[in-house]
Amino acid sequence: MKLDKIKLDLKFNQKRNFKLITPCCNKSNRDGKYINYMGMVDRYGYCHSCGKVSLPKQEYQDEKGEKYVWNENLEKFEKVFDTGMVNQTITEHKPIDPSKKIELKYIDPSLVKESIQHQPENNLLAYIRKTYGDEKTERVINLYYLGTDAIGYTLFWNVDKNLMVRKAKAIKYDTSGKRTSKIRSPFLNEDGYKACLFGEHLLKFGDKDKDIYVLVESEKTAIISSIILPEYWWLAYGGINGLTSDKMKVLKGFRVLIIPDMSENAVSIIKNKLPLMMQLGIHAEIWDMIDGRSDEQLKQDLDYNNDLEDIIKKKQNNYEN
């Protein structure tokens, strides 16, 4: 099948929508800094505040005029249909009955063991070995059950406080240890596989009265931080909106320090969760690394969207220079 790329005719809408919440910054567009493209829904456009461009997926067309998009997660082309505003990918989903309670399922531990033993290792583990050495790499593999799938993705297993395997997130990294846009979820919510905090099982091993448990956004940050600062227990909530009420309930009675990534939105989301955490009996504090700086200032300082690992590396480089 021969596919030709369809060129996007991008023209800004002259009339701005001042009432929308920007899809990139998640802020009010009262200042009109976000402008969308003509003929497309509001989530596609350009933001003069953060500089981010939001575009629909690149479309391709075959000899019959059928349209396709590339699905990065599944690594294949999929047909699309035209809604009249923007093309949407056709995917098959199992019908969900909202009145039916989905039974919680667990993953066979043998799959975890198999992924840990898989060779060759994924790019992230290879990067960690090269950067921090074999001993520290083996420690975090065993501590977090880090695995590799058949196509080289890093497998982050969600193991709960009862040592039951809940779910997995599969992410593709490049050879420099940087995350790509390729992410897969081998076990779905609709099938009964519910996520927990990454590293939740570590709550079982520390001293609840003395130890501090640190929560960061990404799984990689938790892993690298546990190498650099092994005196703390490191967990991840899996993304900017990943710290849900269901995930945080397990932290009742624990002393928790939360370190969001460096953006106004990331810090604001966590600050808004602190009252609920207090109600749940969680002794939580936040380390606000942006220190009052705006996103624009963070970009000027080359700190925007950085995580703890980035900051540690930056300080090390400054010290060496």
Completion exercise
All conditions in (1) loosely packed, with under 15 Cβ neighbours inside 10 Å; (2) in contact with a helix residue (DSSP H, G or I) (Cβ under 7 Å, 6 or more places away or on another chain) are true of GLU296 except (2)
Fill in the blank from the handout: Per the filter on the range 152-193, residues part of a strand (DSSP E or B) and among the charged types (D, E, K, R) are ARG166, LYS167, LYS169, LYS172, ARG179, LYS182, ARG184
Practice task
For the range 258-291, name all the residues that are assigned to a loop (DSSP other than H, G, I, E, B), closer than 20 Å to GLU309 by Cβ and aliphatic (A, V, I, L, M).
Solution key: MET262, MET289, ILE290
Fill in the blank from the handout: Taking first residues from the range 108-121 that are within 12 Å of THR148 (Cβ to Cβ) and second residues anywhere that are of a type in the set (Phe, Trp, Tyr) and surrounded by 15 or more Cβ atoms within 10 Å (Cβ to Cβ), the pairs with Cβ under 8 Å that are 6 or more apart or on different chains are VAL112/TYR145; VAL112/TRP157; SER115/TRP157; ILE116/TYR145
Practice task
Give just the number: which of (1) in the same structural domain as ASN142 (by TED's automatic domain parsing); (2) buried (at least 23 other Cβ atoms within 10 Å of the Cβ) does ILE183 not satisfy?
Solution key: (2)
Problem - Where a residue in the range 53-70 is assigned by TED's automatic domain parsing to the domain that holds ASP9 and its partner, wherever it lies, is part of a strand (DSSP E or B) and small (Gly, Ala, Ser), with Cβ under 8 Å and at least six apart - result: VAL53/GLY45; SER54/GLY45
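For (1) assigned to a strand (DSSP E or B); (2) without any contact (Cβ under 8 Å) to a residue 60 or more places away in the chain, each residue gets a yes or a no:
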residue: ALA195; (1), (2): no, yes
residue: ASP207; (1), (2): no, yes
residue: TYR213; (1), (2): yes, yes
residue: LYS220; (1), (2): no, no
residue: ILE227; (1), (2): no, no
residue: ASN241; (1), (2): no, yes
residue: VAL250; (1), (2): no, no
residue: GLY253; (1), (2): no, yes
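The values are calculated or read from the model by the stated rules, or taken from the named source; none is laboratory data. Here the structure is a predicted model, which means the values were calculated and not measured. Note that we place each Cβ from the backbone using ideal geometry, even for glycine, and neighbour counts take in every protein chain shown.
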